[in-house]
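Heads up: the structure comes next, in structure tokens.
The values are calculated or read from the model by the stated rules, or taken from the named source; none is laboratory data. This structure is a prediction, so every number in the text was calculated from the model and none was measured. Note that each Cβ is placed from the backbone with ideal geometry, even for glycine, and that neighbours are counted across all protein chains shown.
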Amino acid sequence: MTGLAGRRVLLGVCGGIAAYKAAYLARALRADGADVTAVLTASATRFVGVETFAGLTGNPVLPSLWDAGGTVVHVDLAHAADVLVIAPATANMLAKLAHGLADDLLSAAALEFRGPVVVAPAMHTGMWSSPATQANVATLAARGVRFVGPVDGALAHGDEGAGRFADPDDIVEAVRAVASDLPATAAPLAGRRVVITAGPTHEPIDPVRFVGNRSSGKMGVAIATEALARGASVVLVLGPGTVSPPAGVDVIGVETAEEMRTAVLAHADADAFVMAAAVADFRPKVAADRKLKKDQGVPDLVFEPTPDILREIAAARRPGQVIVGFAAETDDVEAAGRAKLTDKQLDLLVANAVGRPATGFGADTNDAAILGASGDDTPLRTWTKTELARALWARVAALWNDRP
């Protein structure tokens, strides 16, 4: 078990040359088991892009108080985190923290946050040593803020002195230390073994071409990350998507629907199956063993259905197992999802609206409804993939709690 397993870290990144080093820190925190969400100030985005941190953390990055989709985003971020890390922290941010200013997303979330705070300043020596900055540091230290650095070394413009960003490994150690003083992480899924499928399948036409879809695997990876944070033992059956799985899960890489079926059935005794993969519905009946040449004309392809893995798992369920399906729909999303849930005898189904901008395959948000066999539905709304994963596991845990 890695040192920060199950901990949620809110990483604030301020503007300055050292902002690029925060990317290394984000990767190191995640490698240590943390679920990391990054918030960049407007100045930070001048030095490094939000896409960098979204890719490294697996979570979307919101740069503004106004990009929240109708939620009180600074409150949600503050309440979801176990530890707040601000690295690099500028002199301006130290002043905001010391004086309770909240004029952007990071400073507003920091003012709302009530847990341990780790700050890694980085600035020019003159700014660091100024009486105003040192007074702000003293104020924050008296409130319990843990400082890491700055250290002596090379600075911008060829200068040397105090103000250099601390080594990311030292910052991770500080985060570990403050996290160790927190109560044990709540582990509502402790002792549960879960299987999650994610990404597309690629059904070969020939050694070069395939039948597939636009799934990136982001949703399934978010579900796996959340299950791990809640204490579950996680098997992630991952198709050829574009995202990396979290550290700490057992990853089985597959290409085709048949390979995915084999991997899932090998773990048929799991406590829950969350089938988020976009499995191809059809495959060529015969795949050519050599590349089909364009100058030979358009080939006659005969298709056959791929195995219905979800139906097979649901039909063979044992008492106590929870089966969750996903449906990607362009029309009548909730009605189509309800029909699939009933037909396949599932416990829960996530009905996703696809074919729209900024939702579904490859996006950081989903327009989705969570449908229950009991009729207890969460209507269609916009979620981040992390929010949807958290809501989904809460529903699964509730099903276990309601059963004898």
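With the checklist (1) closer than 14 Å to residue 260 by Cβ; (2) touching an Asp or Glu at 6+ places or on another chain (Cβ under 7 Å) in hand, flag the one item residue 322 doesn't pass.
(1)
How many of the residues making up segment 128-151 are closer than 22 Å to residue 20 by Cα and out of contact with any Pro (no Cβ under 9 Å at 6 or more places or on another chain)?
First, the residues of segment 128-151 that are closer than 22 Å to residue 20 by Cα: 128, 146-151.
Filter once more, so that each one left must be out of contact with any Pro (no Cβ under 9 Å at 6 or more places or on another chain): 151.
Residues in segment 128-151 being closer than 22 Å to residue 20 by Cα and out of contact with any Pro (no Cβ under 9 Å at 6 or more places or on another chain): 1 in total.
Select the strands (runs of 3 or more DSSP E) contained entirely in segment 282-340, then report the ones holding at least 1 residues which are hydrophobic (A, V, I, L, M, F, W, C) and surrounded by 15 or more Cβ atoms within 10 Å (Cβ to Cβ).
Numbers: elements: 282-284, 303-305, 322-329.
It comes to 322-329.
So residue 79 fits all but one of (1) in a helix (DSSP H, G or I); (2) modelled with pLDDT under 90; (3) farther than 30 Å from residue 364 by Cα; what number is the exception?
With (1) in a helix (DSSP H, G or I); (2) modelled with pLDDT under 90; (3) farther than 30 Å from residue 364 by Cα applied to residue 79, the lone miss is (3).
Name the single residue that is modelled with the highest pLDDT among those in segment 64-76 being in a loop (DSSP other than H, G, I, E, B) and either surrounded by 18 or more Cβ atoms within 10 Å (Cβ to Cβ) or among the hydroxyl-bearing types (Ser, Thr, Tyr) (or both). First the steps, then the outcome.
Within segment 64-76, the subset in a loop (DSSP other than H, G, I, E, B) is 64-72.
Within this subset, residues satisfying the condition of being either surrounded by 18 or more Cβ atoms within 10 Å (Cβ to Cβ) or among the hydroxyl-bearing types (Ser, Thr, Tyr) (or both) are 64, 71.
Working: 64: 69, 71: 57.
The qualifying residue modelled with the highest pLDDT is 64.
Taking residue 16, is it assigned by TED's automatic domain parsing to the domain that holds residue 114, out of contact with any Gly (no Cβ under 8 Å at 6 or more places or on another chain) and assigned to a strand (DSSP E or B)? Talk me through it step by step, then tell me what you get.
Working: assigned by TED's automatic domain parsing to the domain that holds residue 114: yes; out of contact with any Gly (no Cβ under 8 Å at 6 or more places or on another chain): yes; assigned to a strand (DSSP E or B): no.
No, not satisfied.
Being of a type in the set (Gly, Ala, Ser) and buried (at least 17 other Cβ atoms within 10 Å of the Cβ) is the filter here, so list the residues in segment 341-356 that pass it.
Those that are of a type in the set (Gly, Ala, Ser) and buried (at least 17 other Cβ atoms within 10 Å of the Cβ): 351, 353.
Spot the failing condition for residue 87; the list is (1) assigned to a loop (DSSP other than H, G, I, E, B); (2) crowded, with 16+ Cβ neighbours inside 10 Å; (3) among the small types (Gly, Ala, Ser), and only one is missed.
Of everything listed in (1) assigned to a loop (DSSP other than H, G, I, E, B); (2) crowded, with 16+ Cβ neighbours inside 10 Å; (3) among the small types (Gly, Ala, Ser), residue 87 misses just condition (1).
Pairs, please: C-beta under 6 Å, at least 6 apart or cross-chain, first residue under 26 Å from residue 127 (Cα atoms) and in segment 1-25, second of a type in the set (Phe, Trp, Tyr)?
Final answer for the pair search is 18/165; 19/47; 21/165.
Would you pick out the residues in segment 19-41 that are outside any strand (DSSP E or B) and touching a helix residue (DSSP H, G or I) at 6+ places or on another chain (Cβ under 7 Å)? Give the steps one after another, and end with the answer.
In the first step, residues of segment 19-41 are kept if they are outside any strand (DSSP E or B); the result is 19-34, 41.
19, 21, 23, 24, 25, 26, 27, 28, 29, 30, 32, 41, listed by residue number.
Does residue 142 satisfy the condition of being among the small types (Gly, Ala, Ser) and surrounded by 17 or more Cβ atoms within 10 Å (Cβ to Cβ)?
Details: among the small types (Gly, Ala, Ser): yes; surrounded by 17 or more Cβ atoms within 10 Å (Cβ to Cβ): no.
Here the answer is no, as residue 142 does not meet what is asked.
Could you list all residues from segment 372-404 that are over 17 Å from residue 353 (Cβ atoms) and of a type in the set (S, T, N, Q)?
First, pick out the residues of segment 372-404 that are over 17 Å from residue 353 (Cβ atoms): 372-376, 386, 389-390, 393-404.
Once the filter is applied, which keeps residues that are over 17 Å from residue 353 (Cβ atoms) and of a type in the set (S, T, N, Q), segment 372-404 yields 374, 386, 401.
For segment 211-228, which residues satisfy the criterion of being more than 13 Å from residue 328 (Cβ to Cβ) and in a loop (DSSP other than H, G, I, E, B)?
If the condition is that a residue be more than 13 Å from residue 328 (Cβ to Cβ) and in a loop (DSSP other than H, G, I, E, B), then 212, 217 are the ones that fit.
Can you tell me which condition residue 80 does not meet? The list is (1) crowded, with 18+ Cβ neighbours inside 10 Å; (2) under 29 Å from residue 248 (Cβ atoms), and all the others hold.
Exception for residue 80: condition (1).
Check segment 377-389 and report whether any residue there is over 22 Å from the mean Cα position of the chain (by Cα), at negative phi and either among the acidic types (Asp, Glu) or surrounded by fewer than 18 Cβ atoms within 10 Å (Cβ to Cβ) (or both). If you could, list the steps in order and put the result at the bottom.
At the first step, the residues of segment 377-389 found to be over 22 Å from the mean Cα position of the chain (by Cα) are 377, 379.
When the remaining residues are screened for being at negative phi, the result is 377, 379.
With either among the acidic types (Asp, Glu) or surrounded by fewer than 18 Cβ atoms within 10 Å (Cβ to Cβ) (or both) added as a condition, the list becomes 377, 379.
Taking every residue of segment 377-389 in turn, at least one turns out to be over 22 Å from the mean Cα position of the chain (by Cα), at negative phi and either among the acidic types (Asp, Glu) or surrounded by fewer than 18 Cβ atoms within 10 Å (Cβ to Cβ) (or both).
Scan segment 365-393 and report the pairs whose first residue is in a loop (DSSP other than H, G, I, E, B) and whose second residue is modelled with pLDDT of 85 or more and of a type in the set (A, V, I, L, M), with Cβ atoms within less than 6 Å and a gap of 6+ or a chain change.
Qualifying pairs under 6 Å: 377/371.
Can you report the number of residues in segment 242-269 which are assigned to a loop (DSSP other than H, G, I, E, B) and surrounded by fewer than 21 Cβ atoms within 10 Å (Cβ to Cβ)?
So in segment 242-269, the residues assigned to a loop (DSSP other than H, G, I, E, B) come out as 242-249, 254-256, 266-269.
Next cut, surrounded by fewer than 21 Cβ atoms within 10 Å (Cβ to Cβ) only: 242-244, 247-249, 255, 266-269.
Residues in segment 242-269 being assigned to a loop (DSSP other than H, G, I, E, B) and surrounded by fewer than 21 Cβ atoms within 10 Å (Cβ to Cβ): 11 in total.
So, residue 284, is that one more than 24 Å from residue 368 (Cβ to Cβ) and without any contact (Cβ under 8 Å) to a residue 40 or more places away in the chain or not?
On the way: more than 24 Å from residue 368 (Cβ to Cβ): yes; without any contact (Cβ under 8 Å) to a residue 40 or more places away in the chain: no.
No, not satisfied.
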